[in-house]
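Data block below; observations after.
The values are calculated or read from the model by the stated rules, or taken from the named source; none is laboratory data. Not measured: the values here are computed from a predicted model. Cβ placement follows ideal geometry from the backbone for every residue including glycine, while neighbour counts extend to all protein chains displayed. Keep in mind that these areas ignore ligands, DNA and RNA; they rest on the heavy atoms of the full protein, side chains included. Shrake-Rupley method; radii C 1.70, N 1.55, O 1.52, S 1.80 Å.
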Number of protein chains: 2
Amino acid sequence: MARPTPLSGFPEWLPAERIVEQHVLDSIRATFELHGFASVETRAVEPLDQLLRKGEIDKEVYVLRRLQAADSDNDSGLGLHFDLTVPFARYVLENAGHLEFPFRRYQIQKAWRGERPQEGRYREFVQADIDVVDRDTLPFHYEVELPLVVGEALGRLPIPPVTIHVNNRRLAEGFFRGVGADDPSLVLRSVDKLDKIGPEKVAELLQAEAGLSEAAAKACLDFASICTPDSSFADQVRALGVSDPLLDQGLDELVRVVDAAAEQAPGLMVADLKIARGLDYYTGTVYETLLEGAEGLGSISSGGRYDALASDGRTTYPGVGISIGVTRILSRVLGHNLVEASRAVPTCVLVAVADEAHRRRSISIARSLRARGIACEVSPSAAKYGKQIRYADRRGIPFVWFPADPADPASTDSVKDIRSGDQAAADASVWSPPAVDLRPSVRRTEPDPTKEQHL
Amino acid sequence: MARPTPLSGFPEWLPAERIVEQHVLDSIRATFELHGFASVETRAVEPLDQLLRKGEIDKEVYVLRRLQAADSDNDSGLGLHFDLTVPFARYVLENAGHLEFPFRRYQIQKAWRGERPQEGRYREFVQADIDVVDRDTLPFHYEVELPLVVGEALGRLPIPPVTIHVNNRRLAEGFFRGVGADDPSLVLRSVDKLDKIGPEKVAELLQAEAGLSEAAAKACLDFASICTPDSSFADQVRALGVSDPLLDQGLDELVRVVDAAAEQAPGLMVADLKIARGLDYYTGTVYETLLEGAEGLGSISSGGRYDALASDGRTTYPGVGISIGVTRILSRVLGHNLVEASRAVPTCVLVAVADEAHRRRSISIARSLRARGIACEVSPSAAKYGKQIRYADRRGIPFVWFPADPADPASTDSVKDIRSGDQAAADASVWSPPAVDLRPSVRRTEPDPTKEQHL
């Protein structure tokens, strides 16, 4: 077969890049678990009617058909999930009798969309979600907590700093109602286009489609332009002179989110009143996240509060959730060489083989090292030591272990740090590498000052 | 929406079961990495022509179609992979210029098959594979090494003991040739049916389809009945009086595998000359693995040596690989309650909230505990302490932390082990739980002697 070529929209990593991805996924998981979120994994497929409930993304779903099905019209009725929220809602309903509420879960899985690939948009991608879901009612404090958990998770990654932009649907809806909008969701949808079409076009839309007066449209634009790193946005909103009970509740809630962030994670969040989040089901706080220097990439982590994540007719399950776009982040930092792994393999020590007759001796050394958690492999061949060292060097394996010469009773094992060339006698039952070398490490690279960095 | 029901063949786990699955996957990964295998993850889809190359499993492939495609005949040309070997072979060819050979990789991912679900067979399942692949030639010693790595990985899991059954294609082919078979693969295919149809029917097949004499058919059955925990199988084979150069090579190789196992992992392997492995591409050692007490489940881990994992016309990539059927194992041990997690959440400590005005104090305690790696969550509400304790109890959270009474300057924080009821004063900046309670643990359950166990 000829050499295959990559499939557009389905990113895959080389081993050293995969080590970065594993580091990122392990780190996110560790943060989520520190905060008591339980892991859930759902099947890759959902019934199509579930996937199409929201109506908006039907075009992007991959439908499955068994090849053996006699007729190609004979779809299985199943599609690949395009996010982790729809499957989670189904999982909650299906297992409600076995879950404890409020239920804190995280879910790190691939999702698929058949859309046109471009930077930041893939046909297969990894999402890392946290949600808290409760029965009937959900305390507001989770809307404060979740972005702090996500901020902590992102802050531990070897990526540039992030800013979480926060808004509140009640605040926006109250304001739009207060200026006379009959259908606040129409206003929201227009405001959502600010980044794409600019304020003038949005003002036109607000008058033409949402039926606002010119003054009301201007007030909405003024409202949407408010963005503060603290609770001073509240005074700016009040200065616009609009009043509405929902607006007051939304202001209060957003102040609580921003104040908590200022106290617990200074610099992490801003109140940004143009944040709309396209999806209709959000009802409270909404979140979007920008990566410093890569704002054009779009949000790398988004979510919000929804009063009805799921409902079986008798019970409604409100929730709040945020999703981290792991593939979007990784493609960016790997594609721009902003991060690197210290080596391409887990191996810390290559145990050399003097000659094939003594391979067993090397295997025994390796076993002794592994018993103490030191990853190692035995050289593939008893080639000249120079060649065995090159085997290690090409993979970034830091140490090569040389067994004692069996023909010389006075000789001992020795271990060589092939980066420095230092070599010393060693005993496999007690030797340990420096902690920093035990596992591959991942770090942000220093920007090369001679090259312009376009993150 | 009505309460959804599970999809047959797509197993999903409740949170406590998922903790068992995570433990199993983490443990397998740790063993693979200790042995220097690098992680690779491939996309879920492959071009259909790749998936159908082997010809045998075309009926089971799920084909993808974008819903927006105008015509339902309009398949994407992509299918979900049904194993991890086909995608890995493609990955090796695609990235050969960026990989170092011999390349040791592990891959833990889901795969999909549209076949009829039954115990041990699923439509979505997790496999954990290791392979070593080289360019042009691959040293034999990897055929000795890989089953030992897999045996070590399985031996660390909270499951019953396993036995790896080993055979060698050269040995079998040489023997079958030596008794006069023109096409040893026909003999192999008949012998592969021993477990299903029994020796008499196989003897008939060997004469009718492989064209063997009655005596030759009997010799093949005698050969296939040999099964020894050590290298004594070699004498039994020689006693059958058949000679062939390939047989000699195969005998020598299989002795090396079994001898190494007897030395390094006594009791792990048996030479079992009826093991055939259906797939045509194996050319050397082949492996199947049975779980004690669950032999009827079939092999939980299989693989072998192949001289041509992949080829681009100029370069051929030989390899040896073994795949662990994680879902098959998990479904069995979870379905039969042979294993359990100590709790259903990662949380070690629930920090109680005395009243909502002091939630911030509880958040600060939780942060202090997390800074030292102790997973905790803050109580969802400032309910009576009894109710907060029940919140912890229902999830198996072992400790509840009570903040000092802000109205009483003499009071201090205290922590309660809700299993024993022991409560003591504690300081969140230094307190640690017993190591065994820090994370959820997973253990084999004691069989209940009053109940008959049908594993």
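Observations on the structure shown:
- Prolate/oblate/rounded label for the stretch A:75-127 (Cα gyration tensor, a/c 1.5): oblate
- Taking the label point 7 Å along Cα→Cβ, B:R3 and its counterparts in the other copies are spaced 5.7 nm apart, in ascending order.
- Å² per residue, accessible surface of the stretch B:68-183 at 1.4 Å: 31
- Structural descriptor for the stretch A:160-300: relative contact order 44 percent, calculated from alpha carbon pairs under 8 angstrom and at least 6 residues apart.
- Mean ellipticity per residue at 222 nm, deg cm²/dmol - from DSSP H runs of n ≥ 4 across chain A, formula -39500 (n - 2.57): -10500 deg cm²/dmol
- Prolate/oblate/rounded label for the stretch B:254-310 (Cα gyration tensor, a/c 1.5): oblate
- Dividing the convex hull volume of the alpha carbon atoms of the stretch B:172-247 by its residue count gives 80 Å³ per residue.
- Each Cα pair under 8 Å and six or more residues apart adds its sequence gap; the mean of these over the residue count of chain A is a relative contact order of 16 percent.
- Carbon plus sulfur fraction of accessible area for the stretch B:362-455, probe 1.4 Å, in percent: 53
- Semi-axes of the equivalent ellipsoid for chain A, computed as √(5λ) from the eigenvalues of its C-alpha gyration tensor and ordered from largest down, come to 52, 26, 21 Å.
- Restricting the stretch A:269-371 to trypsin sites (Lys or Arg not before Pro) that sit in a DSSP loop and have at most 16 other Cβ atoms within 10 Å of their own Cβ leaves A:R314.
- Alpha-carbon Rg/Rh ratio, for the protein assembly as shown, with Rh computed the Kirkwood way: 1.00
- Sites listed here are trypsin sites (Lys or Arg not before Pro) in the stretch A:90-185 whose DSSP assignment is loop and whose Cβ has at most 15 other Cβ atoms within 10 Å: A:R135, A:R156.
- Rounded to whole Å, sorted largest first: equivalent-ellipsoid semi-axes of the stretch A:265-342, Cα gyration tensor: 30, 16, 11
- Shortest-first distances to equivalent copies, position A:D26, nm, label 7 Å out along Cβ: 1.2
- Pairing chains A and B buries close to 8300 square angstrom of accessible surface in total, based on protein heavy atoms and a 1.4 angstrom probe.
- Heavy-atom accessible surface of the stretch A:283-362, averaged per residue, reaches 31 Å², computed with a 1.4 Å probe.
- Exam field: B:L438 pseudo-label spacings to other copies (7 Å along Cα-Cβ), nanometres: 1.1
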